[in-house]
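Q: Pasting in a structure now, in structure tokens, and then I'll have a few things to ask.
The values are calculated or read from the model by the stated rules, or taken from the named source; none is laboratory data. This one's a predicted model, so the numbers in the text were calculated from it and none came from an experiment. Cβ placement follows ideal geometry from the backbone for every residue including glycine, while neighbour counts extend to all protein chains displayed. Note: areas computed on protein heavy atoms with side chains; ligands, DNA, RNA excluded. Shrake-Rupley method; radii C 1.70, N 1.55, O 1.52, S 1.80 Å.
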Amino acid sequence: MTEPRSDEVVHQAFFGWSPDQNKHTILASSLDELTEQKWRVRLQDHVRLQPVHGGGGVPHSAMSYLTFGEDLGAVVRRVHLGHSPGRGNAHVLIGWKPGLDVSLALRLENWPQWRVKVPETGLMEQIALSSLVGAAGPAGLRPEEVDRLEPMVVTVLARLLDHPDEPLSIIGCPDADRLALVRCLHAAADPHLRKNGIRRCWSYSTYEDRHGDSIANLPEIVFLPMRSPDTSARRNVVDLDRGSRVSSYTGLANQLIAALCEGTPEAVVADADLNGSWHSDQTREVAVPRQPEPVAAVRKGLRESVPSQQVRGTVAQKTHRVEDVGARAVEDLLAATTVMDLHSFLFRLAKLDDRGRESLRAAADVRVLDRIVEFVEVDARYQLMSKLLEVMYGADGRDLRSHEAQRHAARLVQDGQSEQIAIMLGVAGKRHNTPQIVEAAYKRWSVSGLQPRHVARRLRFGSKRWHLPMIAAVALLAVLALVFVLGYLAGGPAQVQQSAATPQPEVTTPAPVQPNPPPVVAGTVHIALPNSNQQVYAFVTVGKIYYPQGLCTIKDEPSSIWLCTKTGNPPESPGIKAELVAVAVPQTHVAWLNGAAAAGRDVERRGEWGNPTPVVPS
């Protein structure tokens with residue numbers, strides 16, 4: 001914002017579709033031109049209502065509170081009006097904190113001056129902060145609102161206390177209750193967390209279509225219409241549709257809500273252990289799962305007993321709760337979709353006492369443990385290696401465009417111990433047309449005498465029963481990468497051929513029976529991406545089934561011509577033609593699609609993808 005800095009002024013900006021610029025941008029504001037440009041960049045990922053396939057449609061409006069550093073805050077109201085789905089209008093208030101803080105943002109839902117259409121004059125005025133405060137809703141919580149939301153608030157608050165310094169994603173909360181839930185969480189938990197040395201900024205968004213780590217400045221609390229396929233999200237996820245999970249902090253959450261209703265949230269500060277223990281002695285103090293202890297009972301006195309029908313201490317109730325610890329623990333372990341989720345669950349389960357571990361063994365049979373081990377040996381392994389490569393070479397290997405990164409990756413491919421890392425980098429090198437990496441792959445797999453079939457042996461997967469498909473997929477990937485390398489070197493630049501033509505000892509072997517692998521099909525396609533957050537991805541479609549192949553590479557940027565390659569051999573269906581197509585997909589889906597491509601799995605088409613375009617053979 002322009003100097004001199006004023007804490008008493010709030011600026012406005014209005015986002016919408018500009019036909020002249022052919023993009024979603026700021027159409028009017030009270031900012032100067034340079035500052036307006038800065039805020040356009042800061043807010044461009046936070047001013048759209050993007051629909052989610054299977055998510056039940058977008059709400060009529062959504063509220064967000066965003067923070068930028070220690071000083072700036074923005075309140076965003078997005079509406080389901082405008083150019084088209086995902087390109088709707090948004091009105092933004094921008095100001096300095098502490099004036100425009102979360103407490104004020106939570107009261108602006110019904111502010112009478114929210115706009116749904118761009119001002120006809122194209123101009124917007126500054127607003128006096130005092131005027132905004134005077135027109136905002138009431139500051140306090142309505143007791144009837146807390147009573148109505150009590151079970152949901154207790155469930156979410158307990159999970160927030162499990163990981164008090166982690167961002168939170170909530171699934172299954174009705175649209176109409178989302179701001180009220182944030183108000184309750186903020187009022188009940190913030191004083192308690194501050195007294196324990198934990199400070200949250202309490203930024204929030206009542207609707208997001210995704211929550212991956214690639215989204216800049218994603219709010220601390222977001223509401224999702226359904227579980228996201230993005231496995232990169234390092235967030236505490238509460239799925240209310242699946243019912244509440246046993247938490248060591250359900251009792252504390254009940255106390256905080258009771259104190260909130262009594263007007264004394266600061267009172268509950270004793271014995272505040274926020275390390276997330278899983279002792280079954282503590283879980284006995286928690287009400288039966290999915291039925292949180294009524295706040296009304298706690299209000300009679302935090303140390304008094306609840307009514308007789310809920311008295312704890314009988315042998316039957318204790319046995320039920322201990323058994324439930326094991327069942328819920330198994331449910332959490334099987335629900336883990338990221339390495340971080342699984343590690344968090346295992347860390348907490350390590351604190352179980354003897355009775356808790358006994359209940360866990362009773363619930364986790366061989367079938368359950370096989371599924372968990374499969375995740376560790378396949379999915380978690382691939383996630384960690386993908387994340388390692390992302391850390392080293394950027395998302396989807398974008399840094400491999402630079403010569404320095406190519407040299408580094410080539411050394412890793414040629415001299416590193418991991419065959420899987422070499423395969424993944426080799427495929428990335430093919431995708432980005434990097435001769436150095438391709439040459440290193442050739443030397444590793446051909447000059448050194450390593451046969452593609454040996455790659456699968458070196459992956460050291462544990463159970464053949466569960467991992468033969470993955471082994472076959474990786475071996476096939478190695479074969480295809482080698483086929484590409486040989487083809488590339490045969491028709492590549494002279495200097496590459498010369499460097500790769502290392503003299504080989506003559507070996508007389510009988511001519512093997514040549515397999516008949518499917519040829520690598522390549523071609524071009526014209527797709528103009530609507531924004532920089534999307535990528536063009538190649539699929540083989542068999543009817544309505546999509547088999548990911550890999551990212552397409554830009555061939556002619558001005559003409560939006562992409563080069564796409566078929567890297568796998570999806571199963572055939574009698575009478576149904578397999579077709580290589582290209583689809584515009586969100587950047588956040590790329591890691592998930594790469595994992596499915598490496599494993600040879602099909603995926604479900606997502607609503608936010610573009611239409612499939614057939615690839616024309618080149």
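Q: Highest first, please rank the peptides 604-612, 547-555, 254-262, 234-242 by the mean number of other Cβ atoms sitting within 10 Å of their residues.
A: 254-262, 547-555, 234-242, 604-612
Q: Please give the contour-minus-distance gain from residue 241 to residue 350: 0.36 nm per residue of separation, less the Cα-Cα distance, rounded to one decimal in nm.
A: Between residue 241 and residue 350, full extension yields an extra 36.5 nm.
Q: A further question on this structure: Modelling each spin label as a point 7 Å along the Cα-to-Cβ direction, I'd like the residue 20/residue 165 distance in nm, to one decimal.
A: That separation, rounded to one decimal, is 4.9 nm.
Q: Quick check on my link table: of 351/387; 430/566; 387/555; 544/566; 387/544; 23/387, which ones sit more than 23 Å apart, alpha carbon to alpha carbon?
A: 351/387; 387/555; 387/544; 23/387, as the Cα separations exceed 23 Å there.
Q: With a 10 Å radius around each residue's Cβ, average the other Cβ atoms per peptide and rank 386-397, 356-367, 586-597, highest first.
A: 586-597, 386-397, 356-367
Q: If you average 1/r across every pair of different Cα atoms in the stretch 8-125 and take the reciprocal, what Kirkwood value do you get, in Å?
A: Mean inverse Cα-Cα distance, inverted, gives 14.6 Å.
Q: So what is the accessible area of the stretch 168-225 per residue, in Å², with the probe set to 1.4 Å?
A: 29 Å²
Q: Per residue, how much accessible area does the stretch 534-618 show when a 1.4 Å probe rolls over the protein heavy atoms, in square angstrom?
A: On a per-residue basis, the stretch 534-618 sits at 46 Å².
Q: Continuing with the same structure: So with the 1.4 Å probe, I'd like the accessible area per residue for the stretch 403-445, rounded to whole Å².
A: With all protein chains present, the stretch 403-445 gives 40 Å² per residue.
Q: On to the next question. Can you compute the modelled spin-label distance between residue 213 and residue 201, with each label point 7 Å from Cα toward Cβ, in nm?
A: 1.8 nm
Q: Calculate the FRET efficiency for residue 70 and residue 572 from the Cβ-Cβ distance with a Förster distance of 45 Å, rounded to the nearest 0.05.
A: 0.15
Q: So how much slack lies between residue 80 and residue 114, counting 0.36 nm per residue of separation and subtracting their Cα-Cα distance, in nm?
A: Using 0.36 nm per residue and subtracting the Cα-Cα distance, I get 10.9 nm.
Q: Just to check I understand the Karplus step: with θ = phi - 60° and J = 6.51 cos²θ - 1.76 cosθ + 1.60, what whole-Hz values come out for the stretch 356-365, glycine and proline as x?
A: With coefficients 6.51, -1.76 and 1.60, one gets x, 5, 4, 5, 5, 5, 5, 8, 9, 7 Hz.
Q: Now, a different point. Please report the carbon-and-sulfur percent of the accessible area for the stretch 60-138; probe 1.4 Å, protein heavy atoms only, DNA, RNA and ligands left out.
A: Reported share for carbon and sulfur atoms: 50 percent.
Q: Using a probe of 1.4 angstrom, how much of the accessible area of the stretch 158-230 is carbon and sulfur, in percent?
A: Solvent-exposed carbon and sulfur of the stretch 158-230 make up 45 percent of the total.
Q: Now a separate question. Taking the Cα-to-Cβ direction at residue 433 and at residue 121 and moving 7 Å from each Cα, how far apart do the two end points lie in nm?
A: 5.3 nm
Q: Under the rule of at least 5 residues apart or a separate chain, name every residue whose amide H is placed under 5 Å from the amide H of residue 234.
A: Answer set, sorted by chain and number: 213.
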